[in-house]
Amino acid sequence: MIAAPVAGALAALIIGYFCIRLTHTYFAMLTLAFSMIVYYTAFKWYDFTGGDNGLIGIPVPAWVQDPRLPIITGSSWSSHSWVFTPLAHCQLPFGKTLTAIRENPDRAGFVASM
């Protein structure tokens, strides 16, 4: 449970180190290349990651299996997540920033430099 976010952050730092220095087409191509590397590592390297089946044989912690936590284990989280995702994207400052960058990156960059 602790190794997953640490490994994800480490991978993001390594990939980000190479991608952040590029712009436009080069950034897009390198990002696509890294995404393909990560995809094939996760889904095709069966001996290391288990491929499509994932890692089998790892015990699930008791607090994840607790039936009193429907948000984590039950169907209520998965059935209602479609409500929270667009709401968070539209209402939170980070979501508004992403929308501004998508709509007009030049203006968003100008506002950020003010």
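Observations on the model:
- Test: Thr41 is of a type in the set (Ser, Thr, Tyr), farther than 27 Å from Ala108 by Cα, modelled with pLDDT of 75 or more and open to solvent by less than 70 Å² (accessible area, probe 1.4 Å): yes
- When Thr85, Thr73, Thr31 are checked against the criterion of being among the β-branched types (Val, Ile, Thr), open to solvent by less than 70 Å² (accessible area, probe 1.4 Å) and either modelled with pLDDT under 80 or touching a strand residue (DSSP E or B) at 6+ places or on another chain (Cβ under 7 Å) (or both), Thr73 stands alone in meeting it.
The values are calculated or read from the model by the stated rules, or taken from the named source; none is laboratory data. The structure presented is a predicted model; accordingly, all values stated were derived computationally and were not measured. Every residue, glycine as well, gets a Cβ built from its backbone with ideal geometry; the counts of neighbours run over all protein chains shown. Just the protein is used for accessible areas: all its heavy atoms, side chains included, with ligands, DNA and RNA removed. Shrake-Rupley method; radii C 1.70, N 1.55, O 1.52, S 1.80 Å.
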